[in-house]
Amino acid sequence: MKREIMWVTYISCLFFCLETIAQPSHLQEQNGYISGSAYSTHFMDAFSFSSNPSCTAGMKNFSAGVLMERKWMLKELNAYKISASGNIGNGGFGMALERSGDALYSEQSLDLAYGKNLGKTELGTRFGYLWDQASGYGNIGFGYCGIGMRMHVTDKLITGWELDLPVFGKAGKTNPEKGAQLFRMGFGYEAEEDLFLAIQIEKASDRSSNFSASVEYRYGEQFFFSFGINSVEASLFFKSGWKKNQLCIQIYTVYENALGFSPGLVFLWQSKNRKG
Amino acid sequence: MKFYGKPLFVILAFILNIRGYAQSVNDPDSRREALEADAERKGSEPEDDSYELNLEEFSRHPINLNAASGEDLVQLHLLNALQIANFISYRKLLGPLLTLRELQAVPGWDIEIIRELLPYIRVAQNEPIYTVLRKRWSGGNGTFLVRAAQVLEKSRGFKKPVSPDASYYEGSAQKIFIRYTYNYKQLLTYGFSGDKDAGEPFFRGAQRAGFDFYSFHFFLRQMGIIRAIAIGDFTVNMGQGLIQWQGFSLTKSSQSMAIKREAAFIEPYHSAGEFNFHRGIGICLQKGKWQSGFIISSQKISTNTESDSSGGEDIFSSFQNSGYHRTPAEIADRNNTRQISAGGSIHYLGNRFQMGINWIHFKFNRPFQKQDEPYNLYSLKGTLLTDYSIDYNYTLSNMHLFGEIASDRWRHLALMQGALISLNENLDLGFLYRNISPGYLSLYSDAFTENNVPNNEKGFYAGLTFRPVAGLQANIYCDVFMFPWLKYAVDAPSAGRDFFFQLNFQPTKTARFTATYKNEMKSGNNGDLNTATHEISLPVKQRWRVETNYKISGAIHFDGRIELLSITGNYTIPQTGFLGMAGMGFSKAGISADMGFTLFETDNYDSRIYAYEPDLIYNFSLPSYYGKGIHYYINFHRDLSRLISHKAGHFRFSAWLKWGQVYYRGVESIGSELDEIPGNRKSELKAQVLIQWQ
């Protein structure tokens, strides 16, 4: 009976989410970091769950990271992100806090994710809150929730999807805008333990569909390189990193033809493996 | 975290661990794609569930391959003509099969095909084919089905008319369907059905007899030289569909080799559709290698009538094939024209060569006359229509040739010529040429053409299926076509082409990935010009689709899909469409359920995307998504047989419940005219009860 009650509760929440759908409002992308590691086994890090919350269930250890990016080399668009994820029991969790902008206009987000391992499949859910502050215009905030799934088709091939829906919050008074809906599907293929290929297709309300692809390669235990493309902004992404024991430093840059470079720096820390 | 995590995932797992076997009929993915292609071509959801009913019956009484004729195997629609011909030759050459494993040795039969066939076939020795008539009246399966559906939001048609002249729906918002059938191993079937669409009166007004549409059928197979006899409602299939085809048919789809029309001459009709069938008597006889069939039918059909301006008798300008009789105007058109038809066929059925002649004749009690428009220059005029055709097929080694040449009573010709070739175990090819005169006329026909009806078209189709390694299959086709005369919304002779490429990758038995690309180019009027005639634009519609199907176990299944669409071209405003879909299903111990979400965003109706979703058994749901919004559904099935005491295996009592809602963004109403619903939400509830006994 408890199951039925919870089921009804969840569906009711879902109805509530759907009831709030109106014109969507879009918040600016905060950073240009591209990674398909949510669809991998060996390449996951503290930021992976941003693409699919269910991947937290596949985390083998605890990982925390800090990301800093200067978007298009503009100080006013500096972005910072702190993220952590790890395994607990037969599942995993993730949380991230992000901020971009300056005193005149800034944007923050908080993201909480939880994933559960169901064998060959992992289920995940995400709850998030985004808020904008514009000097002289006050604040707006949006809450959203999402569900995601990841399937281990073979040892090397992982696929999954995620659906995010706005739950509450709106911007404007005359024509209030709601948060955007988002659907994302991804495929990851670990050709070798040191080579990983990923493809993601993403669609957010009233935006063009975005296709991103990335390749990650590890050279030995200490070095790795990554390259990616993003169709909507026609941007290219390069990343290289150095790892020593549990600490990893990455530098990356995103290049867009019209707007130029967005360099970034990432520090990652990973605990020793707790799972096999 | 453990404390909070567990309940959360009990909820999620309960909701999401759901698989789409709410339909118990094995539903191959290719069937879904074919249904989507058909819905897009015809602009409506299919209503004929004969194929699903047949499969259900075959799963209960599998075909004995040692006694099956080619016609029996055709009913499965899982094998192409060459595969059937190869099997018949194999059995004739090597004698009856000893086990099903032997099927791997049949040329052209691969593991995937055999796996799909397994639920519907068996091997038995020395089993009598025929059963005496009196034994067929008992021991069969009785099935009673009741289905009801309703859109909960009231559309404008259901509200009180604001003026006496305003149109409105006379009936209630429920859609109701009932059906009783008795089936003895497909050898004897009979039953009746009743259908009421939303908005049609029920036991009042114009429908005092209850349902708007009643159907009855009695069908007997294999009684001596009588191959089949039908009384009541039945469908007729001839040749390659140039003069008559009312049964199961595929249009261009991922099944790139399914280009040949194949079905029995007559088949029972028991669906909710109110138009595409005959009502009368049909018989099919076979003696040795000669088969003949005859039908005669008389039925009232709904047409749009108009007064003749010259003072003559009223004419009708179109067939009202939607089956809707909701408003006073639609009710006035209901069954207002008498159609009498007669037809027949005589065929020689050789081992490798088969050939026959077909004819069909229609007579109406009032003349048919379409509106006087240039594109209607060659349309039917008068009360009579007669078509004749000769069809053949010939199997030569690894090649199967087939074709039909037809003529109407005004000697306008239509030709179909096709070939299926199996080059080796990995590669199959299919070709089809058609040349159909603009003046060629037919009714209830359905050939493998770009147009909905075989008329005004020349074209060449080439398809191939390539299986380079186990688990990987490519389906490709290319079709070029032209229309020598004008068409509706095309003010000049026009042309087009289709290109389709699909890659199926099945790394394991439980997972499947499909990537599809389709490029369509077809002429149409440039709608932006406000002139009497229009310039012709040639928009290119491109689709990209990625699908994943993954079975965790026999009970749980997940589906995901992303589809992108773009329309570009001269005189065409670029349009895009997107559809993202995720579905999950569960089936175990008499309970099954499906749940799915769809996120869609298209620029307008032209960039709409059709997507199959699981529905109540024997019912189809293929909504066309356009605009912006989200749709979700929950489809639940429960076997309630244990509630009623019965002998094991002799009784089934099942119930289905489906709830679906669609939310549109940025709109104040949904639909148009009488179907307009205020607000941005549309909710639909469907329920069904099925009782089966033996």
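In segment B:420-440, what count of residues is obtained for those that are surrounded by 22 or more Cβ atoms within 10 Å (Cβ to Cβ) and not small (Gly, Ala, Ser)?
Selection size over segment B:420-440: 6.
With the condition being within 14 Å of chain B (Cβ to nearest Cβ), I'd like the strands (runs of 3 or more DSSP E) fully within segment A:49-131 carrying at least 2 qualifying residues.
Values: elements: A:63-70, A:78-88, A:91-101, A:105-117.
Filter on segment A:49-131 gives A:78-88, A:91-101, A:105-117.
Do we have A:Phe168 as surrounded by fewer than 22 Cβ atoms within 10 Å (Cβ to Cβ), hydrophobic (A, V, I, L, M, F, W, C) and under 22 Å from B:Tyr664 (Cα atoms) here?
Working: surrounded by fewer than 22 Cβ atoms within 10 Å (Cβ to Cβ): yes; hydrophobic (A, V, I, L, M, F, W, C): yes; under 22 Å from B:Tyr664 (Cα atoms): yes.
In short, yes.
With the condition being free of Cβ contacts under 8 Å to residues at least 60 places away in the same chain, I'd like the strands (runs of 3 or more DSSP E) fully within segment A:218-276 carrying at least 3 qualifying residues.
On the way: elements: A:223-230, A:235-244, A:247-256, A:260-270.
Fully inside segment A:218-276 and qualifying: A:223-230, A:235-244, A:247-256.
Pick from B:Asn54, B:Asn17, B:Asn26: which is of a type outside the set (Lys, Arg) and modelled with pLDDT of 80 or more?
Working: B:Asn17 fails: modelled with pLDDT of 80 or more; B:Asn26 fails: modelled with pLDDT of 80 or more.
Just one listed residue meets the conditions, B:Asn54.
Kindly indicate the residue of segment B:498-515 that is of a type in the set (Ser, Thr, Tyr) and over 24 Å from the mean Cα position of the chain (by Cα) and also nearest to the other protein chains (Cβ to nearest Cβ) among those meeting that condition. Show your work before the answer.
Looking only at segment B:498-515, we keep the residues that are of a type in the set (Ser, Thr, Tyr), and these are B:508, B:510, B:514.
Of the ones still in play, those that are also over 24 Å from the mean Cα position of the chain (by Cα) are B:508, B:510.
Details: B:Thr508: 6, B:Thr510: 8 Å.
Ranking the candidates gives B:Thr508 first.
If I go through segment A:126-150 residue by residue, how many of them are surrounded by fewer than 23 Cβ atoms within 10 Å (Cβ to Cβ) and more than 14 Å from the chain's Cα centre (by Cα)?
Total meeting the criteria: 12.
If I ask for residues that are of a type in the set (A, V, I, L, M), at the interface with chain B (Cβ under 9 Å from one of its Cβ atoms), over 21 Å from B:Gly666 (Cβ atoms) and outside any loop (DSSP other than H, G, I, E, B), which ones from segment A:137-196 would you list? Break it down into steps so the answer makes sense when it comes.
Step one: of segment A:137-196, the residues of a type in the set (A, V, I, L, M) are A:140, A:147, A:149, A:151, A:153, A:157-158, A:163, A:165, A:167, A:171, A:180, A:182, A:185, A:191, A:195.
From the residues that got through so far, the ones that are at the interface with chain B (Cβ under 9 Å from one of its Cβ atoms) too are A:147, A:149, A:151, A:153, A:157, A:163, A:165, A:182, A:185.
Remaining after also requiring over 21 Å from B:Gly666 (Cβ atoms): A:147, A:149, A:151, A:153, A:157, A:185.
Matches in segment A:137-196: A:Ile147, A:Met149, A:Met151, A:Leu157, A:Met185.
Name the residues in segment B:362-390 that are within 30 Å of B:Ala81 (Cα to Cα) and in contact with a Lys or Arg (Cβ under 9 Å, 6 or more places away or on another chain), would you?
Within segment B:362-390, the subset within 30 Å of B:Ala81 (Cα to Cα) is B:386-390.
Hits for segment B:362-390 are B:Thr386, B:Asp387, B:Tyr388.
Quick check, is B:Ser389 within 18 Å of B:Trp485 (Cβ to Cβ) and small (Gly, Ala, Ser)?
On the way: within 18 Å of B:Trp485 (Cβ to Cβ): no; small (Gly, Ala, Ser): yes.
Criteria not met by B:Ser389.
Output the number of the condition that B:Gln104 fails; it satisfies all remaining conditions of (1) more than 25 Å from the chain's Cα centre (by Cα); (2) at pLDDT below 85.
Going through the list (1) more than 25 Å from the chain's Cα centre (by Cα); (2) at pLDDT below 85, B:Gln104 breaks only (2).
Could you tell me whether segment B:377-400 includes any residue that is of a type in the set (Phe, Trp, Tyr), in contact (Cβ under 8 Å) with a residue 24 or more places away in the chain and under 22 Å from B:Lys42 (Cβ atoms)? Even if it seems obvious, please write down each step before you answer.
Taking segment B:377-400 first, the residues of a type in the set (Phe, Trp, Tyr) are B:378, B:388, B:392, B:394.
Keeping just the survivors that are in contact (Cβ under 8 Å) with a residue 24 or more places away in the chain gives B:378, B:388, B:392, B:394.
Filter once more, keeping what is under 22 Å from B:Lys42 (Cβ atoms): B:378.
Yes: segment B:377-400 contains one or more residues that are of a type in the set (Phe, Trp, Tyr), in contact (Cβ under 8 Å) with a residue 24 or more places away in the chain and under 22 Å from B:Lys42 (Cβ atoms).
Of the conditions (1) in contact (Cβ under 8 Å) with a residue 60 or more places away in the chain; (2) closer than 26 Å to B:Val469 by Cβ, B:Glu102 satisfies every one except a single condition; which number is it?
So B:Glu102 meets the others, but not (1).
For segment A:86-98, which positions are free of Cβ contacts under 8 Å to residues at least 24 places away in the same chain and either under 16 Å from A:Ala57 (Cα atoms) or touching an Asp or Glu at 6+ places or on another chain (Cβ under 7 Å) (or both)?
To start, the set of residues in segment A:86-98 that are free of Cβ contacts under 8 Å to residues at least 24 places away in the same chain comprises A:88-89, A:95, A:97.
Of everything in segment A:86-98, those that are free of Cβ contacts under 8 Å to residues at least 24 places away in the same chain and either under 16 Å from A:Ala57 (Cα atoms) or touching an Asp or Glu at 6+ places or on another chain (Cβ under 7 Å) (or both) turn out to be A:Ile88, A:Gly89, A:Met95.
For segment B:561-597, what are the residues that are among the hydroxyl-bearing types (Ser, Thr, Tyr) and either more than 9 Å from chain A (Cβ to nearest Cβ) or farther than 23 Å from B:Tyr664 by Cβ (or both)? Working first, answer last.
The first filter runs over segment B:561-597 and keeps only residues among the hydroxyl-bearing types (Ser, Thr, Tyr), leaving B:566, B:568, B:571-572, B:576, B:587, B:592.
Matches in segment B:561-597: B:Ser566, B:Thr568, B:Tyr571, B:Thr572, B:Ser587, B:Ser592.
Between B:Arg334, B:Arg326, B:Arg352, B:Arg338, which is loosely packed, with under 14 Cβ neighbours inside 10 Å and at pLDDT below 95? Show your work before the answer.
Working: B:Arg334 fails: loosely packed, with under 14 Cβ neighbours inside 10 Å; B:Arg326 fails: loosely packed, with under 14 Cβ neighbours inside 10 Å; B:Arg338 fails: at pLDDT below 95.
After ruling out the rest, the residue left standing is B:Arg352.
What are the residues in segment A:63-85 that are out of contact with any Asp or Glu (no Cβ under 9 Å at 6 or more places or on another chain) and crowded, with 19+ Cβ neighbours inside 10 Å, if any?
Looking only at segment A:63-85, we keep the residues that are out of contact with any Asp or Glu (no Cβ under 9 Å at 6 or more places or on another chain), and these are A:64, A:66, A:68-70, A:73-74, A:84.
Listed by number, the list holds a single entry, A:Glu69.
Restricting attention to segment B:377-396, and to residues there that are among the hydroxyl-bearing types (Ser, Thr, Tyr) and in contact with a strand residue (DSSP E or B) (Cβ under 9 Å, 6 or more places away or on another chain), which single residue is surrounded by the most Cβ atoms within 10 Å (Cβ to Cβ)?
B:Ser389
Identify the residue in segment B:114-166 that is among the acidic types (Asp, Glu) and out of contact with any strand residue (DSSP E or B) (no Cβ under 9 Å at 6 or more places or on another chain) and, among all such residues, is surrounded by the most Cβ atoms within 10 Å (Cβ to Cβ). I'd like the intermediate steps shown before the answer.
Here is the first cut: in segment B:114-166, the residues among the acidic types (Asp, Glu) are B:116, B:127, B:153, B:165.
Keeping just the survivors that are out of contact with any strand residue (DSSP E or B) (no Cβ under 9 Å at 6 or more places or on another chain) gives B:116, B:165.
Numbers: B:Glu116: 16, B:Asp165: 7.
Among them, the one singled out is B:Glu116.
Yes or no: A:Ala46 modelled with pLDDT of 90 or more, crowded, with 23+ Cβ neighbours inside 10 Å, more than 14 Å from chain B (Cβ to nearest Cβ) and not in a strand (DSSP E or B)?
Details: modelled with pLDDT of 90 or more: yes; crowded, with 23+ Cβ neighbours inside 10 Å: yes; more than 14 Å from chain B (Cβ to nearest Cβ): yes; not in a strand (DSSP E or B): yes.
Considered against the rule, which asks whether it is modelled with pLDDT of 90 or more, crowded, with 23+ Cβ neighbours inside 10 Å, more than 14 Å from chain B (Cβ to nearest Cβ) and not in a strand (DSSP E or B), A:Ala46 comes out as yes.
Filter segment A:99-124 down to residues that are among the basic types (Lys, Arg) and in contact with an Asp or Glu (Cβ under 9 Å, 6 or more places away or on another chain) and give me whichever is surrounded by the fewest Cβ atoms within 10 Å (Cβ to Cβ). Break it down into steps so the answer makes sense when it comes.
From segment A:99-124, those among the basic types (Lys, Arg) are A:99, A:116, A:120; that's our starting set.
When the remaining residues are screened for being in contact with an Asp or Glu (Cβ under 9 Å, 6 or more places away or on another chain), the result is A:99, A:116.
Working: A:Arg99: 14, A:Lys116: 23.
Ranking the qualifying residues of segment A:99-124, first place goes to A:Arg99.
Restricting the first residue to segment B:30-56 and requiring it to be over 19 Å from B:Asn451 (Cα atoms), which pairs with a second residue that is β-branched (Val, Ile, Thr) and surrounded by fewer than 21 Cβ atoms within 10 Å (Cβ to Cβ) meet a Cβ separation below 6 Å and a spacing of at least six or different chains?
Close Cβ pairs satisfying both conditions: B:Glu52/B:Val25; B:Leu55/B:Val25; B:Glu56/B:Val25.
Just for segment B:165-183: of the residues that are modelled with pLDDT under 90 and of a type in the set (Gly, Ala, Ser), which one is farthest from B:Lys154 (Cα to Cα)?
Filtering segment B:165-183 for residues that are modelled with pLDDT under 90 and of a type in the set (Gly, Ala, Ser), the one farthest from B:Lys154 (Cα to Cα) comes out as B:Ala166.
Residue by residue through segment B:617-666, note down the ones that are farther than 29 Å from B:Ile178 by Cβ and either surrounded by 16 or more Cβ atoms within 10 Å (Cβ to Cβ) or away from chain A (no Cβ under 12 Å) (or both). If you could, list the steps in order and put the result at the bottom.
Kept after step one, since they are farther than 29 Å from B:Ile178 by Cβ, are these residues of segment B:617-666: B:625-630, B:663-666.
Hits for segment B:617-666 are B:Tyr625, B:Tyr626, B:Gly627, B:Lys628, B:Gly629, B:Ile630, B:Tyr663, B:Tyr664, B:Arg665.
The values are calculated or read from the model by the stated rules, or taken from the named source; none is laboratory data. The shown structure was predicted, so the numbers you read here are calculated from the model rather than taken from an experiment. Reconstructed Cβ throughout: ideal geometry from the backbone, glycine too, with neighbour counts over all protein chains shown.
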